[in-house]
Amino acid sequence: MKRVAYLIVVALAVLGSAAQASPIFVFNTGVDIFGTVLTDGTVGDPHYSLVSVPGGTSDIMVRTAAGGAPVNTGGWLGDDALSAWIGPNTAFSGGPGGSYDYRTTFDLGVLSPSTANLMGQFAADDWAVDILINGISTGTFGGDYTSWTSFSINSGFVDGVNTLDFIVHNLGNADTLGPTGLRVEVTGTAS
């Protein structure tokens, strides 16, 4: 009888540890591989790319308050130790109007897509028109550059590599350039 009770306890412990959530390795904007905020003016973000721009460069630049406006003095959310603003390499002083698609990828590895969950917050100039998981709309939109907008994604994940896109709309046209950028702080778990 003791042996049966022992086996039940061991089986429950194994099942319980298998069901525990593990972190998804997804990164904030403007940070290095250790999660440390990159220096103002750094060209390139190791985790995000611009896959679509209405014109100009798709090279990304990191901006903090050290670079002046629009961060802090331009009304954008101020610095913290978790993330930094990113935008096209010239768009902090003015980029064309239209949609910008910022993409990051993450690998679920052996984690179950049906148990995956991402949560976080974003800010965008002028605003985010959608967040996509693997090309599918999450219905998340809004926000601006003065405050955070929360989001949570708990469906649409696939085995292996997943894509997360932030679609940001910049007002203006070819004749009226305005600053544009994105800032994201995100975490995730899956079993």
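The values are calculated or read from the model by the stated rules, or taken from the named source; none is laboratory data. Since we're looking at a predicted model, the values are computed, not measured. Heads up, the Cβs are rebuilt from the backbone with ideal geometry, glycines too, and the neighbour counts pull from every protein chain shown. Ligands, DNA and RNA are excluded from the accessible area calculation, which covers all protein heavy atoms including side chains. Shrake-Rupley method; radii C 1.70, N 1.55, O 1.52, S 1.80 Å.
Overview of values
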{"item": "Residue in the stretch 50-62 that is within 17 Å of Thr163 (Cα to Cα), at pLDDT 90 or above and crowded, with 17+ Cβ neighbours inside 10 Å present", "result": "yes"}
{"item": "Leading residue by the ranking (most open to solvent (accessible area, probe 1.4 Å)) among those in the stretch 148-172 that are of a type in the set (Val, Ile, Thr) and touching a residue at least 40 places away in the same chain (Cβ under 8 Å)", "result": "Val161"}
{"item": "Odd one out for Ala65 among (1) in contact with a strand residue (DSSP E or B) (Cβ under 6 Å, 6 or more places away or on another chain); (2) in contact (Cβ under 8 Å) with a residue 60 or more places away in the chain; (3) more than 16 Å from Phe166 (Cα to Cα)", "result": "(2)"}
{"item": "Search result, residues across the stretch 65-76 that are under 15 Å from Thr146 (Cβ atoms) and part of a loop (DSSP other than H, G, I, E, B)", "result": "Ala69, Pro70, Asn72, Thr73, Gly74, Gly75"}
{"item": "Within the stretch 137-172, considering residues that are β-branched (Val, Ile, Thr) and within 25 Å of Thr64 (Cα to Cα), the one modelled with the lowest pLDDT", "result": "Thr146"}
{"item": "Top-ranked residue of the stretch 173-186 - restricted to ones that are of a type in the set (A, V, I, L, M, F, W, C) and open to solvent by 20 Å² or more (accessible area, probe 1.4 Å), ranked as modelled with the lowest pLDDT", "result": "Ala174"}
{"item": "Residues satisfying the stated conditions in the stretch 118-141, i.e. polar (S, T, N, Q), farther than 25 Å from Pro179 by Cα and surrounded by 16 or more Cβ atoms within 10 Å (Cβ to Cβ)", "result": "Thr138"}
{"item": "Residue match in the stretch 122-136 (condition: within 22 Å of Ile33 (Cβ to Cβ) and of a type in the set (Asp, Glu))", "result": "no"}
{"item": "Residues (of a type in the set (A, V, I, L, M) and open to solvent by 30 Å² or more (accessible area, probe 1.4 Å)) located in the stretch 78-95", "result": "Ala81, Leu82"}
{"item": "Selection status of Ser112, among the hydroxyl-bearing types (Ser, Thr, Tyr), open to solvent by less than 50 Å² (accessible area, probe 1.4 Å) and at pLDDT 95 or above", "result": "yes"}
{"item": "Hey, Asp79 under 17 Å from Thr29 (Cβ atoms), in a loop (DSSP other than H, G, I, E, B) and acidic (Asp, Glu) or not", "result": "yes"}
